[in-house]
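Here the structure is laid out as structure tokens; the discussion comes afterwards.
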Amino acid sequence: PLLNETCDLIISVFAPLNAVEMHRCLKPSGILLVVSPAPDHLIQLKEIVYTHAHLNPQATEKLPHLNYINEENITFSCDLDTALAEALFLMTPYAYTSPRDAIEKIRKHAFLHVTCAFSIKVYKKDRY
């Protein structure tokens, strides 16, 4: 556990947010960075695994006492061989929610071109 108002910066990456805890731990004027998947993050991988691939919903955090400062979106693509595509898939929540034959579907592709897209939002705690 962290003491009250001891953090200058908290970074949340692809994780649920507990607004009360974030506010408690941040120093006055402390910064919270929230990284979440942008709508088309890993869409090509999802198109292989699912019959109907959906874009990720836009994350909308409700963070009382934290002021929204800015948002940056970062998008890049990468080329993956079968082993890397399988390893990436197994690191995602899709590995737990996909049809049983998901890995076999991925293994049928010798090469995948995948979009990686992230939303990075910046919040600042009120001074008081």
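The values are calculated or read from the model by the stated rules, or taken from the named source; none is laboratory data. Computed from a predicted structure; not experimentally measured. Cβ atoms come from the backbone with ideal geometry, glycine included; neighbour counts cover every protein chain shown. Ligands, DNA and RNA are stripped out before the accessible areas are found, and what is left, the full protein with its side chains, is counted by its heavy atoms. Shrake-Rupley method; radii C 1.70, N 1.55, O 1.52, S 1.80 Å.
Only a single item in (1) open to solvent by 70 Å² or more (accessible area, probe 1.4 Å); (2) in contact (Cβ under 8 Å) with a residue 40 or more places away in the chain; (3) not hydrophobic (A, V, I, L, M, F, W, C); (4) not in a strand (DSSP E or B) is not met by Tyr68, and it is number (4). Answer with yes or no whether Lys62 is open to solvent by less than 30 Å² (accessible area, probe 1.4 Å) and within 26 Å of Leu33 (Cα to Cα). No; evaluated as a whole, the condition is false for this residue. For beta carbons closer than 7 Å, sequence separation of 6+ or different chains, a first residue in region 72-87 that is of a type in the set (D, E, K, R) and a second that is surrounded by 11 or more Cβ atoms within 10 Å (Cβ to Cβ), the qualifying pairs are Glu72/Ile120; Glu86/Ile103; Glu86/Ile106; Glu86/Arg107. Among the residues of region 1-59, the ones that are within 24 Å of Asp101 (Cα to Cα), open to solvent by less than 20 Å² (accessible area, probe 1.4 Å) and either hydroxyl-bearing (Ser, Thr, Tyr) or not in a loop (DSSP other than H, G, I, E, B) (or both) come to 3 in all.
The single residue among Ala117, Ala95 that is open to solvent by less than 40 Å² (accessible area, probe 1.4 Å), without any contact (Cβ under 8 Å) to a residue 12 or more places away in the chain and of a type in the set (A, V, I, L, M) turns out to be Ala95. Residue pairs whose Cβ atoms lie under 7 Å apart, separated by 6 or more positions or on different chains, with the first residue in region 19-44 and more than 22 Å from Pro93 (Cβ to Cβ) and the second assigned to a helix (DSSP H, G or I) and open to solvent by 10 Å² or more (accessible area, probe 1.4 Å), are Leu32/Met22.
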